[in-house]
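This report refers to the structure that appears directly beneath it.
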Amino acid sequence: MKSFNYISILFITVITCAWIATGCAGGPTEQRIVTVSIEPQRYLLEQITGDKVQVRSLLTEGANPETYDPSVTHMFNLGKSIGYLRMGNIGFEAAIIDKISEGNPNLRIFDTSAGIVPILGTHSHGDHHHHDVIDPHTWTSVKNAKIIAHNMLEAMEKIDPSNKQYYRRNYETFSARLDSIDNAITTRLAPCRGHSFMVWHPSLSYFARDYGLNQVVVGNAEHKENSITDLRSSIDRARREGASIFFFQKDFDSRQVSAINSELEAHEVNINPLSYRWEEELLKIADAIAEAPAVKPTV
């Protein structure tokens, strides 16, 4: 019995000392947070940061950037971040950037699309089409992604200089991976140069520019219904250019796409440019274009 009591007391003493030691050490250290605007950015940044920081997106997958309004939780989490890497030209960023700066004056903010040659005139403000509005979908291009990734590297070197070499090694590995993806898509789409594809929301402008393709926008940049005149013009252009594939975003465009495509009879492909699975989405788009049936353009 005495032996049993001795062992019990010893066990309790060891557990108590371990608990006290953990408490004195302050418990596990909370991982530092870096915030980005959208999920594709999170994917790109995580290839560089690895396990050194936790990357969080303001816009979660499935949310609509046209109607996004940051919640109190989003703003609170942003306030705990050691840096905010904005995409650069997304509408909701412009709407909240002043609020972010005022609420977090010490937060370091970086534009990850800096240095990308912009495409203008694909988007509108309200009911008016403006030729000086920058197309925000810079991330739907592998070539752009290399610029974005380098901007992210420079941002992290400033935010967290103690891990500079770690970030740079990861960036070099990822940069080589991006070159490989770009080369694969270039080869895959070489026979398709000059071909046209349809899209409801003009999200593939930079992708089209990279590989010599023509994007025919059938819908509206703000996921609203187009006028009958604009729709007829887009449909006529799609027929004229022999476009046989129709990209759409299921969460926003399904009803409109089905109605329009009853006349066009193109092959419908559901895409998600805001997906975390950035590489998978771009390869899916490339494969769909490469495999699209050839349609003779009409005069």
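Could you work out the local net charge near L283, counting Lys and Arg as +1, Asp and Glu as -1, over the other residues with Cβ closer than 13 Å to its Cβ?
-2
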Residue pairs, from the table K52/K284; K250/K284; K143/K284; K146/K250; K99/K250; K52/K158, whose Cα atoms sit over 21 Å apart
K52/K284; K146/K250; K99/K250
Kindly report, to the nearest 10 Å², the accessible surface of V117 as traced by a 1.4 Å probe over protein heavy atoms only.
100
Treating cross-link reach as a plain straight distance, find the aspartates and glutamates whose alpha-carbon is under 13 Å from the alpha-carbon of K164, omitting any fewer than eight places away in the same chain.
E154, E172
Could you derive backbone 3J(HN,Hα) for the stretch 99-108 from the dihedral phi with the Karplus parameters 6.51, -1.76 and 1.60 (θ = phi - 60°), listing whole Hz in sequence and x where the residue is Gly or Pro?
4, 5, 5, 5, x, 9, x, 9, 6, 7
Which log10 I(q)/I(0) values, to two decimals, does the stretch 152-251 give at q = 0.21 Å⁻¹ under the Debye formula with one point per Cα?
-1.01
Under 9 Å, Cβ to Cβ, from D210 - net charge with Lys/Arg +1 and Asp/Glu -1
+1
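Can you bin the stretch 28-116 into rounded, prolate or oblate? Criterion: square roots of the alpha carbon gyration tensor eigenvalues sorted a ≥ b ≥ c, rounded for a/c under 1.5, prolate for a/b above b/c, oblate for the rest. Before the final figure, lay out each step's value.
Values: a/c = 1.39, a/b = 1.18, b/c = 1.18.
It comes out rounded by the Cα gyration axes.
Suppose accessible area is computed on protein heavy atoms with a 1.4 Å probe; arrange T49, T67 from highest to lowest. Display every interim value, and only then the final one.
Details: T49 0, T67 105 Å².
Output order, biggest surface exposure first: T67, T49.
How do K143, K99, K250 rank by accessible surface area computed with a 1.4 Å probe, from largest to smallest? Show your work: numbers first, answer last.
Values: K143 85, K99 105, K250 130 Å².
Order by accessible area, largest first: K250, K99, K143.
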In whole Hz, what ³J(HN,Hα) sequence does the stretch 142-152 give by Karplus (6.51, -1.76, 1.60; θ = phi - 60°), x for Gly and Pro?
5, 4, 5, 4, 5, 5, 4, 5, 5, 4, 5
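The values are calculated or read from the model by the stated rules, or taken from the named source; none is laboratory data. The structure presented is a predicted model; accordingly, all values stated were derived computationally and were not measured. Using ideal geometry, Cβ is built from the backbone for each residue, glycine included, and neighbour counts are taken over all protein chains shown. SASA here: full protein model, heavy atoms, side chains in, ligands and nucleic acids out. Shrake-Rupley method; radii C 1.70, N 1.55, O 1.52, S 1.80 Å.
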